[in-house]
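In what follows, a single structure is set out as structure tokens and then discussed.
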Amino acid sequence: MEKYFEILRACPLFENISQQDIPGMLACLGAAAKEYSKKQVIFARGQPARYVGVVLSGSVRIEQMDYSGQRSIVGTCRPADIFAESFACAGGVPLPVSAVCARDSNVLLIDSARIMAPCDSSCHFHRQLIYNLVKIIAGKNVRFHQKLDIVSRRTTREKLLAYLSYMAAENNSRSFYIPFSRQELADYLEVDRSGLSVRISRLKKEGMLDCNKNFFCLSEKASEGT
């Protein structure tokens, strides 16, 4: 696990926990690292949520499928990101989403019960760990409401510009990279991919934005339009 210590130090779950405490903390939590291949399901929809996942390498998508098989991407997790924490801390409720590897990945799995219940040794990092977890859940709740705001827009144009405006604000710049391919972006916005591509091309011609693959640059006009 030592090769992942820098990743763990960057993980918000372990914020303000010193590096020398990490080995003892992982042992106390019963944490285990597992390897997954691309497209492999880590947590499946309908399973009871028990574990919190931390991405050590690769990337993980949080997906939701409707009854017709249409996929909606709820989010993407990169190294140092955590996932499934809200559901795991809700008492083992069935997962309404699936966690799927977007590429070959290493994931640290932590039993949520070991986080929420301080051990017999009364390890000093437990209070900080619980504080960090609550802070993460609150932040993701904010982002969930942002997505609701985005997908509730009436047109593909409005959804796209709303999403890109959020990304510009998050990066404090009108130029930024998004964590999605075109198909993944379409799934996230819950729109048709071909229609999304047409809309992006039109917005480029209107001078609203410029882009190359997953790099976008919003014009001042686009910022004013959202």
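Here r is the Cβ-Cβ distance between Gln64 and Asn141 and R0 is 25 Å; the resulting FRET efficiency, rounded to 0.05, is 0.90. Each of Gly69, Phe144, Ser105 was scored by the projection of its Cα onto the charge dipole of the chain, and the greatest displacement toward the positive side belongs to Gly69; charges sit on the C-beta of Lys, Arg, Asp and Glu. Computed from point charges on the beta carbon alone (+1 for Lys and Arg, -1 for Asp and Glu), the dipole magnitude for segment 70-226 about its Cα centre is near 480 Debye.
Set against the labelled values (1) 1.11; (2) 1.25; (3) 1.02, Cα Rg over 2.2 N^0.38 Å computed from this structure falls on (1). Charging the Cβ of each Asp and Glu at -1 and of each Lys and Arg at +1, and nothing else, the dipole of segment 1-154 about its Cα centre rounds to 620 debye.
GNM on the chain, alpha-carbon springs under 10 angstrom: the most fluctuating residue among Tyr51, Tyr166, Tyr67 is Tyr67. The mean accessible area for residues of segment 110-226, using a 1.4 Å probe and ignoring ligands and nucleic acids, is 59 Å² per residue. Give the distance, in whole Å, between the Cα centre of segment 9-32 and the Cα centre of segment 162-223. Rounded to whole Å, the Cα centres lie 36 Å apart. Just the protein heavy atoms count here, and of the accessible area of the chain at 1.4 Å, carbon and sulfur take up 49 percent. If you take the square roots of the eigenvalues of the alpha-carbon gyration tensor of segment 150-226 and sort them as a ≥ b ≥ c, do you get rounded (a/c under 1.5), prolate (a/b over b/c) or oblate? Rounded. Net length available on complete extension from Lys39 to Asn212 is 59.7 nm, with 0.36 nm assigned per residue and the Cα-Cα distance removed. Annotation for segment 177-217: trypsin sites (Lys or Arg not before Pro) lying in DSSP loop with at most 11 further Cβ atoms inside 10 Å of their Cβ are Lys213. Ellipticity at 222 nm from helices only: DSSP H runs of n ≥ 4 in the chain, each -39500 (n - 2.57), divided by the residue count, give -12000 deg cm²/dmol. Of Val60, Val93, Val107, which has the largest mean-square fluctuation in a 10 Å C-alpha GNM of the chain? Highest fluctuation of the listed residues: Val93.
The values are calculated or read from the model by the stated rules, or taken from the named source; none is laboratory data. None of the values given here were measured: they were computed from a predicted structure. In this analysis, Cβ positions are derived from the backbone assuming ideal geometry, glycine residues included, and neighbour counts consider all displayed protein chains. With ligands, DNA and RNA removed, areas are computed over all heavy atoms of the protein, side chains included. Shrake-Rupley method; radii C 1.70, N 1.55, O 1.52, S 1.80 Å.
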